[in-house]
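Below is one structure, written out as structure tokens; comments come after it.
The values are calculated or read from the model by the stated rules, or taken from the named source; none is laboratory data. Just so it is clear, the model here is predicted, and its values are computed rather than measured. Counting neighbours? That spans all protein chains shown, and the Cβs are built from the backbone with ideal geometry, glycine included. Calculation scope for accessible area: heavy atoms of the full protein, side chains included, ligands and nucleic acids excluded. Shrake-Rupley method; radii C 1.70, N 1.55, O 1.52, S 1.80 Å.
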Amino acid sequence: MCIRDRACPGLATAILHIGLEKTGTSSLQEFLQLNREQLLLREGIWIPDFLGRGSQWPLAVIAYADARSDDLTAPIGNAQSRLCRIEELRQQIIASVQKNPARVHCFSSEHLSSRLTSVEELTRLRDFLSPLFDDIKILLYLREPIRLAISRQSTFVKMGLGPFQLPSPQQLAEGFNFRTIIELWQSVFAGCLQVRLFDPSQPSFDLINDFCDAVGIADSDRYLRPERVNESLDWTVMRLLSRINQVAHE
């Protein structure tokens, strides 16, 4: 029996945008928040606000094994506090789905693809979501590995975390194993995964338009657009900041 309202004529659809990191994720999350009210009014798409304005990382945490601890769970407290908080999050999501008449509930977190790396964890996520929704659609953006690596290193340089250094081909292969991610999600959420290409090098590519097309928003132009955030640095600027970081750490 469905755990939603029994009078409800049908269950909603869940859309999980799971990243990857450095594929315009922050821009998509800001787009969803900027247009949160209008998306519900016009499209019947609900974006939960209690999971965070940016990455809705708690959705990944509720799928963790009970004993797992990392930087996402650390602010929650000790093991007992963490289990209590995770159960609270579960109940919040259940209540949100039960009370909200939206046809689509949209979640976005790059932590879903970067932190959930085992069949057991994805199965926990699936078993939690399946009774709430009659359809689950998973959206994954991929990017050319070398461009993804440059973008990630650009972020590190901007944060002052070290010099700019491109990874070797072996490091690229090990660090960006797209096949493993795709096969893992397909094995648990069979038929639910849609893979799209993030390619800002193409003049015709527009991430917001592509995302709206993927989730069924017909006219993306009537919605607010976020300012471009966390863009990769120009090569010259990257080299300069890298040198400054190196001097600062000497």
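Is one or more of the residues making up region 21-36 open to solvent by 40 Å² or more (accessible area, probe 1.4 Å), modelled with pLDDT under 90, touching a Lys or Arg at 6+ places or on another chain (Cβ under 9 Å) and farther than 21 Å from ARG225 by Cβ?
Scanning region 21-36, I find at least one residue that is open to solvent by 40 Å² or more (accessible area, probe 1.4 Å), modelled with pLDDT under 90, touching a Lys or Arg at 6+ places or on another chain (Cβ under 9 Å) and farther than 21 Å from ARG225 by Cβ, so the answer is yes.
Sort out which residues of region 172-221 are in a helix (DSSP H, G or I), open to solvent by less than 40 Å² (accessible area, probe 1.4 Å) and not β-branched (Val, Ile, Thr), and write them in order of number.
LEU172, PHE178, LEU184, TRP185, LEU207, ASP210, PHE211, CYS212, ALA214, SER220, listed by residue number.
Which is open to solvent by less than 80 Å² (accessible area, probe 1.4 Å) and modelled with pLDDT under 90, of LEU148, LEU142?
LEU148
Let me confirm something: among ALA12, ALA63, ALA74, ALA102, which residue is more than 17 Å from the chain's Cα centre (by Cα) and over 30 Å from ASN209 (Cβ atoms)?
So the residue among ALA12, ALA63, ALA74, ALA102 that is more than 17 Å from the chain's Cα centre (by Cα) and over 30 Å from ASN209 (Cβ atoms) is ALA74.
In region 55-72, which residues are at pLDDT 90 or above and either open to solvent by less than 40 Å² (accessible area, probe 1.4 Å) or closer than 15 Å to CYS84 by Cβ (or both)?
Those that are at pLDDT 90 or above and either open to solvent by less than 40 Å² (accessible area, probe 1.4 Å) or closer than 15 Å to CYS84 by Cβ (or both): SER55, GLN56, PRO58, LEU59, ALA60, VAL61, ILE62, ALA63, TYR64, ASP70, LEU72.
How many residues does region 95-118 hold that are of a type in the set (A, V, I, L, M) and in contact with a Leu (Cβ under 7 Å, 6 or more places away or on another chain)?
Of the residues in region 95-118, 4 are of a type in the set (A, V, I, L, M) and in contact with a Leu (Cβ under 7 Å, 6 or more places away or on another chain).
Report the residue count in region 182-227 for those that are of a type in the set (Lys, Arg) and under 17 Å from the mean Cα position of the chain (by Cα).
Counting residues in region 182-227 that are of a type in the set (Lys, Arg) and under 17 Å from the mean Cα position of the chain (by Cα) gives 1.
With the requirement that a residue be within 15 Å of the chain's Cα centre (by Cα), in a loop (DSSP other than H, G, I, E, B) and under 23 Å from CYS192 (Cα atoms), what does region 16-50 give you?
Of everything in region 16-50, those that are within 15 Å of the chain's Cα centre (by Cα), in a loop (DSSP other than H, G, I, E, B) and under 23 Å from CYS192 (Cα atoms) turn out to be ILE18, GLY19, LEU20, GLU21, LYS22, THR23, GLY24, ILE47, PRO48.
Within region 157-166, is even one residue polar (S, T, N, Q) and at pLDDT 65 or above?
Checked against the condition, which is being polar (S, T, N, Q) and at pLDDT 65 or above, region 157-166 yields no hits at all.
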